[in-house]
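Asker: Dropping the structure in here first, questions after.
Values quoted throughout were computed directly from the atomic coordinates according to the rules given, and no laboratory measurement underlies them. Not measured: the values here are computed from a predicted model. Every residue, glycine among them, receives a Cβ derived from its backbone with ideal geometry; neighbour counts consider all protein chains shown.
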Amino acid sequence: MTAHNLAISQSSGVAAPSSLRPDLQAIADLIPVGKRVLDLGCGDGELLSYLIANRQSKGRGIEISEAGVLACVSKGLSVRQGNLNEGLADYPNGSFDYVILSQTLPFLNDPAKMLMEMLRVGQNAIVSFPNFGHWRARLELLFTGRTPCPVDLPRQWYDVPRMQFFTVTDFAGFCRKIDVLIDQQIYLNRGQRIDGIKFKNLWSTTAVFTLRKS
């Protein structure tokens, strides 16, 4: 399972033109040059390949699908097959500078356990997810009585693996509850970054958060 294959420069150096999905590009731009990176649910390795080529990252990945692992291996990436619901016990504390979980948190059985594991093996965690607080999702539920389909992650409620529905506001409250600090926030609307507005939960279709321990 991975939803990674859906679709700020703060690092040193100028990035080459990129064909990355906007959410993956937002994540890549948060990672400085030369960092150790673990990409969870890395799919076909699109983000890992970019980070290694453009950020000189020392990158590894975990992917559950055999097709994804084979695609990564064919690109020369260090990726192993694994189920994220089983945790990250194979990795010692502080193994990475950044641990990434892109568009995959809604599919995990125990989000708190995963975030704690990410912050155990990494100094920083980066999480992205579709925002069900977007105004279109609200109106779809209000006027049709049907479960909304997220704009940036087009999946129906019955698709396997099943998705948990939550909003930007839900996630911020969840982080406070488990004593995780939100360090940086990026909000996208259909791939375009949103700046300088108050109602990000209403307007954003995808959110990207950098997390660290409290």
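Asker: Residue farthest toward the positive end of the dipole of the chain, with Cβ of Lys/Arg at +1 and Asp/Glu at -1: which of Leu139, Ser214, Gly196?
Answerer: Gly196
Asker: Using a 7 Å offset from the Cα along the Cα-to-Cβ direction at both Ala53 and Asn83, what is the distance between the two label points in nm, to one decimal?
Answerer: 3.4 nm
Asker: Specify whether the C-alpha gyration tensor of segment 34-117 places it in the rounded, prolate or oblate class, a ≥ b ≥ c being the square roots of the eigenvalues: rounded for a/c under 1.5, otherwise prolate if a/b is larger than b/c and oblate if not. Mind showing how you got there, number by number?
Answerer: On the way: a/c = 1.82, a/b = 1.26, b/c = 1.45.
The shape class here is oblate.
Asker: Based on other C-beta atoms within 10 Å, arrange Asp170, Asp183 from fewest to most.
Answerer: Placing the least packed residue first, the sequence is Asp183, Asp170.
Asker: Let me ask you something else. Under 13 Å from a label point 7 Å along Cα→Cβ of Ala172: give me every residue in segment 107-148 with its amide N that close.
Answerer: Zone members listed by number: 133.
Asker: Using the Cβ atoms and a cut-off under 11 Å, what net charge is assigned to the surroundings of Arg21, where Lys and Arg are +1 and Asp and Glu are -1?
Answerer: In short, -3.
Asker: Given 0.36 nm per residue, what is the gain on full extension from Leu142 to Gln192 after removing their alpha carbon distance, in nm?
Answerer: 15.4 nm
Asker: Where does each of Trp203, Trp135 land when they are ranked from fewest to most other beta-carbon atoms within 10 angstrom?
Answerer: Placing the least packed residue first, the sequence is Trp135, Trp203.
Asker: Now for a different question. With +1 on each Lys and Arg Cβ and -1 on each Asp and Glu Cβ, and nothing else charged, work out how big the dipole of the chain is about its Cα centre, in Debye to the nearest 20.
Answerer: So the magnitude is around 420 debye.
Asker: What FRET efficiency do you get for Ala67 and Asn93 if R0 is 22 Å and r is their Cβ-Cβ distance, rounded to the nearest 0.05?
Answerer: Efficiency, rounded to the nearest 0.05: 0.10.
Asker: Which one, Leu88, Leu47, Val168, is farthest towards the positive end of the dipole of segment 22-213 when Lys and Arg carry +1 and Asp and Glu -1 on their Cβ?
Answerer: Of the listed residues, the answer is Val168.
Asker: Against the globular-protein guess of 2.2 N^0.38 Å, express the Cα radius of gyration of segment 111-214 as a ratio, rounded to two decimals.
Answerer: Segment 111-214 yields a ratio of 1.12.
Asker: Summing +1 for each Lys or Arg and -1 for each Asp or Glu, what net charge is found among the other residues whose Cβ lies under 14 Å from the Cβ of Asp170?
Answerer: Summing Lys/Arg as +1 and Asp/Glu as -1 gives +4.
Asker: OK, next. Quick check on my link table: of Lys58/Lys113; Lys75/Lys213; Lys113/Lys200; Lys58/Lys177; Lys177/Lys200, which ones sit more than 30 Å apart, alpha carbon to alpha carbon?
Answerer: Flagged as over cut-off: Lys75/Lys213; Lys58/Lys177.
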